[in-house]
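Worksheet for the structure shown next.
The values are calculated or read from the model by the stated rules, or taken from the named source; none is laboratory data. Here the structure is a predicted model, which means the values were calculated and not measured. As a convention, Cβ positions derive from the backbone with ideal geometry for all residues, glycine included, and neighbour counts pool all protein chains shown. SASA here: full protein model, heavy atoms, side chains in, ligands and nucleic acids out. Shrake-Rupley method; radii C 1.70, N 1.55, O 1.52, S 1.80 Å.
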Amino acid sequence: MTRALEGVRVLDMTHVQSGPSATQLLAWLGADVVKLEAPTGDITRRQLRDLPDADSLYFTMLNCNKRSITLNTKTDRGKELLTELIRRSDVMVENFGPGAVDRMGFTWDRIQEINPRIVYASIKGFGEGPYTTFKAYEVVAQAMGGSMATTGFEDGPPTATGAQIGDSGTGVHLVAGILAALLQRERTGRGQRVNVAMQHAVLNLCRVKLRDQQRLAHGPLAEYPNEDFGEDVPRSGNASGGGQPGWAVKCAPGGPNDYVYIVVQPPGWKPLTELINRPELAEDPEWAGPEARLPKLDKMFQLIEEWSSTLPKWEVLEALNSHGIPCGPILSTKEIIEDESLAANEMIVPVEHPERGTFKTVGSPLKLSDSPVTITSSPLLGEHNQEVYAGELGLDDEELKLLKTNGVI
């Protein structure tokens, strides 16, 4: 069975997380992703190592299903080889600092001259303006995209989310842009530039907070548990922030992840009052309607927690689900990596690595019926130099040896 992007060649000049997360998705969709690295390799090969002399999990979990070649693009021969790689590619992806590729001599105009059909995709920290030259990292993007100001509890500091919305979140946005550009190329015959800024991607994921910022002009936000409202959308802890109130309630025995998140919808109120042994609240006008409950969300969830804290979270989950009440257990990273259903859905996948043995990684969340995904190991540094330079670009063995001796590959 062919895969969705079979026949699409991607020149992957990315490093660390945001770019590699995008190109890995493209590889899972069937593209031939050739990861171009400096002879020293992507820095994450050596970062956060848990095994000496083996590529780190940081690198392996972001670079599965790719091929690796090395190239020193600062050398004259390196630039010639890069030119040929661009000529043979459908997509080129990079996440260097602003202007870095231009300084290599590969401006957008030059790239178009080499290959008018290429889609040139870039991730930067910020758009044009006063932030353009700022150095961008995951939590910097969260800070400047609206996430941190609205995450955490009212009396606490701004808080980062554990989800990598700045890096991998931007990668997903970039994939959407690349796929759209490839589709448009089918009609126009031309490639184009695709740019996604990390700040912009985080902002797109925070749009409901911008919604609430404008709603504040008309008064307090009733579905928030906060008592006081200023000029900004406040941090509201675990509140859902949507039309239906939600909160994480404690469960027995009281460990750090012994919680269930519960959403209280109007149809679920009556069965919920029975579960928490307060059936009289179902008809009490002070509690019966959602408008009556909004001013006392803290008290409502306190009553629920008095019940849930006496039971393990899986029993709480079973009881709530039996009545169709929206809920979910707080799953720890250990629970997730050992979850049988996630393994069955190929979202936690064991992969064999030539140096480190078996490791587990996240599988593809994109499930296409006619484009199955088999996760393969990340490549060793320069593993495919011979395959690409000799087999595809036609370099002979003597030149390959010379290029290696001279530090070009």
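Look through the stretch 378-392, keep the residues that are among the polar types (S, T, N, Q) and in contact (Cβ under 8 Å) with a residue 40 or more places away in the chain, and return whichever of them is nearest to G407 (Cα to Cα). Walk me through how you get there before you give the answer.
As a first pass, look at the stretch 378-392 and keep what is among the polar types (S, T, N, Q): 378, 385-386.
In the following step, the residues that additionally are in contact (Cβ under 8 Å) with a residue 40 or more places away in the chain were identified as 378, 385.
Details: S378: 23, N385: 13 Å.
Result: N385.
Report the residue count in the stretch 327-374 for those that are farther than 25 Å from P52 by Cα, exposed (fewer than 14 other Cβ atoms within 10 Å of the Cβ) and hydroxyl-bearing (S, T, Y).
Adding up the residues that qualify gives 4.
Can you name the residue in the stretch 113-133 that is of a type in the set (F, W, Y) and either closer than 11 Å to Q199 by Cα or more than 22 Å from the chain's Cα centre (by Cα) (or both) and, of all such residues, is least open to solvent (accessible area, probe 1.4 Å)?
Among them, the one singled out is F126.
Of these, L183, L179, L81, L174, which one is touching a helix residue (DSSP H, G or I) at 6+ places or on another chain (Cβ under 8 Å) and more than 30 Å from L403 (Cα to Cα)?
Details: L183 fails: touching a helix residue (DSSP H, G or I) at 6+ places or on another chain (Cβ under 8 Å); L179 fails: touching a helix residue (DSSP H, G or I) at 6+ places or on another chain (Cβ under 8 Å); L81 fails: more than 30 Å from L403 (Cα to Cα).
After applying the criteria, what remains is L174.
Here are some conditions: (1) open to solvent by less than 70 Å² (accessible area, probe 1.4 Å); (2) assigned to a loop (DSSP other than H, G, I, E, B); (3) in contact (Cβ under 8 Å) with a residue 60 or more places away in the chain; (4) not basic (K, R). L395 meets all but one. Which one does it not meet?
For L395, the failing item is (3).
Please pick out the residue among L36, L29 that is within 21 Å of the chain's Cα centre (by Cα) and open to solvent by less than 20 Å² (accessible area, probe 1.4 Å).
Details: L36 fails: within 21 Å of the chain's Cα centre (by Cα).
Criteria check complete, one pass: L29.
What residue, of I375, I325, is closer than 30 Å to K250 by Cα, assigned to a loop (DSSP other than H, G, I, E, B), touching a residue at least 40 places away in the same chain (Cβ under 8 Å) and touching a strand residue (DSSP E or B) at 6+ places or on another chain (Cβ under 8 Å)?
Numbers: I375 fails: closer than 30 Å to K250 by Cα.
So the residue among I375, I325 that is closer than 30 Å to K250 by Cα, assigned to a loop (DSSP other than H, G, I, E, B), touching a residue at least 40 places away in the same chain (Cβ under 8 Å) and touching a strand residue (DSSP E or B) at 6+ places or on another chain (Cβ under 8 Å) is I325.
Return the only residue of A163, A181 being touching a residue at least 60 places away in the same chain (Cβ under 8 Å) and among the aliphatic types (A, V, I, L, M). Break it down stepwise before answering.
Numbers: A163 fails: touching a residue at least 60 places away in the same chain (Cβ under 8 Å).
The unique qualifying residue is A181.
Quickly run through the stretch 152-202 and pick out the residues that are crowded, with 19+ Cβ neighbours inside 10 Å, among the β-branched types (V, I, T), more than 11 Å from the chain's Cα centre (by Cα) and not in a helix (DSSP H, G or I).
Hits for the stretch 152-202 are V194, V196.
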